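All remarks here apply to the structure that follows.
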Amino acid sequence: MSEPNLPARQLGRMLRRMRERLGMNQGEAGAPLRFSISKMSRIELGFLPSYHEFRALLDRYCVIVSEWDEYIALYDRGKEKGWWFHYGVGNRGFLPIEAEASRVREFQYGYIPGLLQTEAYMREVFASHRRSPKGKRLENQVAVRLRRQWRLTKEPLLEYNAIIDEYALRRPILDSDARREQLARLIECAELPNVRLQIVPESVGAYDGQFGNLILAGFEDPEEPDVAYVEHVLGSVHIEKEVDVSAAKMAFQDFADRALDEDDSIAFIKRL
């Protein structure tokens, strides 16, 4: 099942606050509507009910009809599909989170991050997958990744902090000309005011980042909690528990402390 988008999660929290203001628990609120506690819980997490069930909830929470418009507008936004659905990509993985985030911090050990890749680089990466996409599916994957990069230069701008291990820069994925183009792309992106790029040099030695990649997303809505995202060989994991996200933030800060500063990182790439 697709994960709820940001407007849906916001609406779920809004419905929870309405219920709590009336002093009702989930069972009491849902009983007259024949909603189970599990259904009420899912609704408040952003898994929206049908339109008529939603209207019944507004009535249950004593919202007068003349004030329904703003809630219905948020409900409609919660039901919208992201632009990536046109490319055959559903609401799984990090893409829907990234699309809603206002800031992303990413550490990559083995590859250049997708937001900073040239088209030649991403095609080589896709070709290396165990189940590499072919034909139209490959072209859709490339188109989606290129469109994701719009967030670095088009409103709403993404505040982006990338930390890359030196190994990813030296990994022989491309021929010399394409590799030079990819390194130049990194320097170009690092000069954007909303992008911070750091390199962890080989001289640092062993550190926890060598166990895998890490992404952290934050949102404009102060009530929307930060999310950590970890990819592994069998798939990926969304981490939302506050204690685990805090641990992920500490790990990212450790990588940043080990990395070169921005100016030295750019100078390092230019030397390569």
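The values are calculated or read from the model by the stated rules, or taken from the named source; none is laboratory data. Because the structure is a prediction, the values reported are computed rather than measured. Every residue, glycine among them, receives a Cβ derived from its backbone with ideal geometry; neighbour counts consider all protein chains shown.
What to note about this one:
- Any chance residue 31 is assigned to a helix (DSSP H, G or I), more than 30 Å from the chain's Cα centre (by Cα) and either at pLDDT 95 or above or among the hydrophobic types (A, V, I, L, M, F, W, C) (or both): yes
Table: residues versus (1) crowded, with 19+ Cβ neighbours inside 10 Å; (2) of a type in the set (Val, Ile, Thr); (3) outside the structural domain of residue 224 (by TED's automatic domain parsing); (4) assigned to a helix (DSSP H, G or I).
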| residue | (1), (2), (3), (4) |
| --- | --- |
| 12 | yes, no, yes, yes |
| 16 | no, no, yes, yes |
| 35 | yes, no, yes, no |
| 43 | yes, yes, yes, yes |
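- Criterion (at pLDDT below 95, touching a helix residue (DSSP H, G or I) at 6+ places or on another chain (Cβ under 7 Å) and not assigned by TED's automatic domain parsing to the domain that holds residue 13) met by exactly one of 227, 200, 237, 195: 227
- Here residue 75 meets each of (1) outside the structural domain of residue 213 (by TED's automatic domain parsing); (2) under 19 Å from residue 185 (Cβ atoms) with one exception, condition (2).
- Within segment 205-224, residues that are closer than 30 Å to residue 44 by Cβ sit with their Cβ atoms under 6 Å from residues that are modelled with pLDDT of 90 or more and in a loop (DSSP other than H, G, I, E, B), at 6+ positions apart or across chains, in these pairs: 217/101; 218/226; 219/101; 219/102; 220/102.
- Segment 82-104 residues that are part of a helix (DSSP H, G or I), paired with ones that are among the β-branched types (Val, Ile, Thr) and at pLDDT 90 or above (beta carbon under 7 Å, 6 or more apart): 84/144; 87/144; 97/227; 98/104
- Taken over segment 169-207, the residue count meeting the criterion of being surrounded by 13 or more Cβ atoms within 10 Å (Cβ to Cβ) and closer than 17 Å to residue 105 by Cα is 11.
- Complete set of residues in segment 60-80 that are surrounded by fewer than 12 Cβ atoms within 10 Å (Cβ to Cβ) and either touching a residue at least 12 places away in the same chain (Cβ under 8 Å) or over 27 Å from residue 33 (Cβ atoms) (or both): 62, 80
- Residue 100 vs. criteria out of contact with any Cys (no Cβ under 8 Å at 6 or more places or on another chain), surrounded by 16 or more Cβ atoms within 10 Å (Cβ to Cβ), modelled with pLDDT of 95 or more and of a type in the set (Asp, Glu): no
- Meets criteria (at pLDDT below 90 and either in the same structural domain as residue 138 (by TED's automatic domain parsing) or touching a helix residue (DSSP H, G or I) at 6+ places or on another chain (Cβ under 9 Å) (or both)) for residue 89: yes
- Test set (1) of a type in the set (Lys, Arg); (2) part of a helix (DSSP H, G or I); (3) under 19 Å from residue 219 (Cα atoms) - residue 154 fails condition number: (2)
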